[in-house]
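Structure first, then comments.
The values are calculated or read from the model by the stated rules, or taken from the named source; none is laboratory data. The structure presented is a predicted model; accordingly, all values stated were derived computationally and were not measured. Reconstructed Cβ throughout: ideal geometry from the backbone, glycine too, with neighbour counts over all protein chains shown.
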């Protein structure tokens with residue numbers, strides 16, 4: 001059975017065919033997301049703060065990206081410092097100004113107030129959302145594909161349940 005499907009693409013403003021490889025990519029992404037939810041639940045039960053949990057995820061992401069860069073052969077310390085340096089020189093001062101203009105914190109002295117944490121959360125949300133958009137081909141339709149996959153999975157589960165119920169002898 002083909003895994004390809006159709007969804008409405010907001011960017012193209014029409015229903016489009018989603019190729020099997022894109023469906024498989026979204027399925028894999030959902031599996032990772034579900035795995036992280038399970039890890040989060042374990043962390044929550046052990047009273048690990050959301051802040052520390054997210055910091056751990058971000059640390060993992062940094063190590064993962066650093067490893068990918070190293071494996072590429074392109075990433076020497078000087079190359080990475082030069083490229084990252086250009087980016088940081090461009091956006092770093094703007095980020096600091098945005099944070100300071102919010103009035104929530106001074107970039108040089110963190111107090112970790114509720115307001116400061118919310119501003120940092122909002123800032124992280126913006127960056128993480130943009131990173132997702134950059135890393136995910138045709139990201140704008142990922143939610144529609146995931147919803148369609150869940151819909152298909154639920155229909156298959158209901159069909160299996162109905163078939164199982166038909167096979168069970170009455171009175172057993």
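Only one of the numbered conditions (1) loosely packed, with under 11 Cβ neighbours inside 10 Å; (2) at pLDDT below 85 is violated by residue 123, and that is (1). When only residues in segment 97-120 that are more than 14 Å from residue 51 (Cβ to Cβ) and assigned to a helix (DSSP H, G or I) count, which is modelled with the lowest pLDDT? For segment 97-120, the residue satisfying everything is 99.
Evaluated against (1) surrounded by fewer than 10 Cβ atoms within 10 Å (Cβ to Cβ); (2) under 23 Å from residue 127 (Cα atoms), residue 46 falls short on exactly one condition, (2). Contact map, segment 79-99: first residue under 22 Å from residue 120 (Cα atoms), second residue assigned to a helix (DSSP H, G or I) and modelled with pLDDT of 80 or more, Cβ cut-off under 8 Å, separation 6 or more or different chains; pairs are 95/123; 98/123; 99/123. The numbered conditions (1) at pLDDT 75 or above; (2) surrounded by 12 or more Cβ atoms within 10 Å (Cβ to Cβ); (3) touching a helix residue (DSSP H, G or I) at 6+ places or on another chain (Cβ under 9 Å) are all true for residue 75 except (1). Filtering 150, 166 for residues that are closer than 17 Å to residue 32 by Cβ and either touching a strand residue (DSSP E or B) at 6+ places or on another chain (Cβ under 7 Å) or in a helix (DSSP H, G or I) (or both) leaves a single hit, 150.
Does residue 89 meet the test of being assigned to a helix (DSSP H, G or I) and modelled with pLDDT under 80? No.
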